[in-house]
Amino acid sequence: MSNTSAISVKNVGVTFHSRDGAENKVLEGVDFDVQPGEFVSIVGQSGSGKTTLLKTISGLQQATHGEVLVNGKPIAEQVEDIAMVFQAPVLLPWRNNLNNVLLPLEFRGTRSKESLDRAYQLLEMAGLKGKETRYSYELSGGMQQRVAICRALVSNPQLLLMDEPFGALDAMTRDSMNFEIQKIWMREKCSVLFVTHSISEAVWLGDRVIIVGDRPGHIVADIKIDIPRPRAKEHRFSEVFSDYVAEIESFIGVTAGIS
Ligand SMILES: Nc1ncnc2c1ncn2[C@@H]1O[C@H](COP(=O)(O)OP(=O)(O)OP(=O)(O)O)[C@@H](O)[C@H]1O
Ligand SMILES: [Mg+2]
């Protein structure tokens, strides 16, 4: 087949077992595809299994049931094309910011003059020009997360998995990171799965918004966002935008039993 999905999640279930033998079914029957170049947002209550889902797609967590294919192949064969941004930045404290950004390229042995230029460019884009030789303990939490985002982007991943990457940022930085991530995504044409607690962020960035319900985590709705690109600030104030937000809020309210 010519048009292989970038991600194919097929009937995935994840169950954890505690030491006393109790079962915690976290995901069940999760089924969706992401097309190449698509930007898909994921929203859902805290504890509904969003991080577990991203980890399962990236291969960090094994599915108890079902399977995940990336570009039509099992995850183990694809690791190099995937980058993940975690909820917490996880930087190496003994490396300066530039060298944290360059880390994935060192692992692969592909550090070059071009990649060094790209690392500088990304740090500048993230508002960290002049902080290249600083260490993470010298940065605010939001700045550390921006370094982690640059680290994910430095290798031009085909697939970018982002787990609430902007959760720790102040509102203004978050807004500008939303614009930057849209710009980068439109330029790089990578596929993105983006978990957020902000419904308006999910709508503004996404081609689709997937809503995850809890106990066990499952897909409640998958909504196509029909707003033209590139999206501008004004789109947030349009009627169609607030209709999408209201629709998604109603799904999340229902799953939480507070409709
Ligand atoms: N490694 C693990 N072992 C056991 N239970 C786990 C593990 N990882 C996650 N869980 C459980 O799975 C459930 C879902 O967790 P997960 O982190 O995926 O939720 P989430 O939707 O990302 O929540 P949040 O929005 O707060 O980040 C929780 O009940 C959590 O306790
Ligand atoms: Mg999470």
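For GLY44, the residues whose amide H sits under 5 Å from its own are VAL212, ignoring neighbours fewer than 5 places away on the same chain, with H placed 1.01 Å from N. When peptides 204-212, 95-103, 165-173 are sorted by average Cβ neighbour count within 10 Å, with the highest value leading, the order is 204-212, 95-103, 165-173.
Rounded to the nearest 10 degrees, the inclination of helix 171-188 to the longest alpha-carbon principal axis of the chain is 90 degrees.
With respect to the cross-link table entries LYS25/LYS55; LYS50/LYS183; LYS50/LYS224, which display a Cα-Cα separation exceeding 21 Å? Correct reply: LYS50/LYS183.
The residue among LEU69, LEU27, ILE57 whose Cα reaches farthest toward the positive pole of the charge dipole of the stretch 10-86, with charges on the beta-carbon of Lys, Arg, Asp and Glu, is LEU27. Shape of the stretch 125-175 from the C-alpha gyration tensor: oblate (a/c of 1.5 or more and a/b not above b/c, with a ≥ b ≥ c the square roots of its eigenvalues).
With θ taken as phi - 60° and the Karplus curve 6.51 cos²θ - 1.76 cosθ + 1.60 applied, the whole-hertz 3J(HN,Hα) list for the stretch 94-104 is 8, 10, 6, 4, 4, 6, 5, 5, 7, 3, x Hz, x standing for glycine and proline. Axis of helix 239-255 versus longest Cα principal axis of the chain: the two differ by about 60°, to the nearest ten degrees. Could you tell me whether the stretch 71-194 comes out rounded, prolate or oblate from its Cα gyration tensor? Rule is a ≥ b ≥ c as square roots of the eigenvalues, rounded for a/c under 1.5, then prolate if a/b exceeds b/c, otherwise oblate. Judged from the Cα gyration tensor, the stretch 71-194 comes out oblate (a/c at least 1.5, b/c at or above a/b). Angle of helix 141-153 to the longest C-alpha principal axis of the chain, folded into 0 to 90 degrees and rounded to 10: 90°. Summing Cβ point charges (Lys, Arg +1; Asp, Glu -1) relative to the Cα centre of the chain gives a dipole of roughly 760 debye.
Each reported figure results from applying straightforward, stated rules to the coordinates on display, with no laboratory input. In this text, all values refer to a predicted model and were calculated from it rather than measured experimentally. Counting neighbours? That spans all protein chains shown, and the Cβs are built from the backbone with ideal geometry, glycine included.
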